[in-house]
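Shown next, in structure tokens, is the structure this report addresses.
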């Protein structure tokens, strides 16, 4: 009997010990979690202090609470000279300054940031819906192309004064267009594009294709082009000097002469035949066939593309169809005249630059 009591006592003691081993106090820990938000125009860094709890031994750590300890623009922010494309089935959802006639009208905006960003200041605040956002004050300019109902509207030198940025990257861009402030609504899935694509959209006369794309090419540069835009010096307007641009290109093996043209769609602005591989700024005037220049003078408020073509020639060409300072020219026909039946064109160079008459 005493043995039975002893056995029962051991069993009870073991059960109590097992019961004690199975008890588990919930465990807590706190970690700093950093999120790099890359969606939208403005990349962000969001740091949070996150508390976790483990309720069972070897169980899953679950989030208890989260507190934002740092929220700012990314250190490597670089929006200068960038281009962004946003579309909507409702034009008025993209820009606050549009009237009701454009409601439910599909529209696309191409926004080009300038290269003059300065005075960036950020604060974290509550937005209109009560959620937190970053308010950014900045000072820079930009241009935009707005497309809707088959029409295109260009706005130049828009002043960008601020941005309200959500955690997912969606942004309200605050602009001053000269008659007050307006809001451009930028979705988080906004896409960036190449500057060249913006210049094409901006222009009324960009030559998208040529018939001689399959022949060799060589490089050409000009100190009068910056970011795909011609400077005012070359313009035949009150803002310019009607000065022919500086041009420098590669020598092509076997070429004895180079035919240089500047063409605006079909309007011929320069016609030069030279044996050299460069032209100094201001070296060409209206001197007659083979050496003549007149600068850009697009209609007020419009943007045209002035394209330089340089054709490397084996020798002279006859019957080249060119009409200086007239709009009846075709770059394909000019090439055919230069090339002839013997394949006189060895290679070509191309340089595009836009010019806008802001008046």
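The values are calculated or read from the model by the stated rules, or taken from the named source; none is laboratory data. All values reported here derive from a predicted model rather than from experimental measurement. No Cβ is skipped: glycine too gets one built from the backbone with ideal geometry, and neighbour counts run over all protein chains shown.
Among the residues of segment 201-231, those identified as surrounded by fewer than 16 Cβ atoms within 10 Å (Cβ to Cβ) and without any contact (Cβ under 8 Å) to a residue 12 or more places away in the chain are 208, 209, 213, 214, 226. Once segment 101-119 is narrowed to residues that are at pLDDT 90 or above and assigned to a strand (DSSP E or B), the residue that is farthest from residue 226 (Cα to Cα) is 107.
Criterion first (in a strand (DSSP E or B), assigned by TED's automatic domain parsing to the domain that holds residue 89 and within 16 Å of residue 184 (Cα to Cα)) does residue 147 satisfy it? Yes.
State whether one or more residues within segment 70-85 are surrounded by fewer than 14 Cβ atoms within 10 Å (Cβ to Cβ), assigned to a loop (DSSP other than H, G, I, E, B), free of Cβ contacts under 8 Å to residues at least 40 places away in the same chain and over 22 Å from the mean Cα position of the chain (by Cα). Within segment 70-85, none of the residues are surrounded by fewer than 14 Cβ atoms within 10 Å (Cβ to Cβ), assigned to a loop (DSSP other than H, G, I, E, B), free of Cβ contacts under 8 Å to residues at least 40 places away in the same chain and over 22 Å from the mean Cα position of the chain (by Cα). Among the residues of segment 204-235, those identified as closer than 22 Å to residue 113 by Cα, modelled with pLDDT under 95 and assigned to a loop (DSSP other than H, G, I, E, B) are 204, 227, 228. Residues considered: 29, 48, 62. Of these, the only one that is closer than 22 Å to residue 169 by Cβ, outside any loop (DSSP other than H, G, I, E, B) and without any contact (Cβ under 8 Å) to a residue 40 or more places away in the chain is 48. The residue of segment 256-269 that is nearest to residue 329 (Cα to Cα), among those that are surrounded by fewer than 20 Cβ atoms within 10 Å (Cβ to Cβ) and touching a strand residue (DSSP E or B) at 6+ places or on another chain (Cβ under 8 Å), is 265. Just to be sure, is residue 99 free of Cβ contacts under 8 Å to residues at least 12 places away in the same chain and in the same structural domain as residue 155 (by TED's automatic domain parsing)? When the stated conditions are applied, residue 99 passes them.
Taking the conditions exactly as written (farther than 19 Å from residue 250 by Cβ, in a loop (DSSP other than H, G, I, E, B), in contact (Cβ under 8 Å) with a residue 60 or more places away in the chain and over 16 Å from the mean Cα position of the chain (by Cα)), does residue 188 satisfy them or not? The answer is no for residue 188. If you go through segment 132-155 and keep only what is loosely packed, with under 14 Cβ neighbours inside 10 Å and under 18 Å from the mean Cα position of the chain (by Cα), you end up with just 153. Checked against (1) in contact with a helix residue (DSSP H, G or I) (Cβ under 9 Å, 6 or more places away or on another chain); (2) at pLDDT 90 or above; (3) in a strand (DSSP E or B), residue 160 meets all criteria but (1). Set side by side, the residues 26, 43 differ, and just one is more than 30 Å from residue 136 (Cβ to Cβ), modelled with pLDDT of 90 or more and out of contact with any helix residue (DSSP H, G or I) (no Cβ under 6 Å at 6 or more places or on another chain), which is 26.
Look through 123, 171 and report the one residue that is buried (at least 18 other Cβ atoms within 10 Å of the Cβ) and under 24 Å from residue 36 (Cβ atoms). Going through 123, 171 in turn, just one is buried (at least 18 other Cβ atoms within 10 Å of the Cβ) and under 24 Å from residue 36 (Cβ atoms): 171. Within segment 90-100, can one find any residue that is within 15 Å of the chain's Cα centre (by Cα), surrounded by fewer than 16 Cβ atoms within 10 Å (Cβ to Cβ) and not in a strand (DSSP E or B)? Within segment 90-100 (the criterion being within 15 Å of the chain's Cα centre (by Cα), surrounded by fewer than 16 Cβ atoms within 10 Å (Cβ to Cβ) and not in a strand (DSSP E or B)), the answer is no, since none of the residues qualifies.
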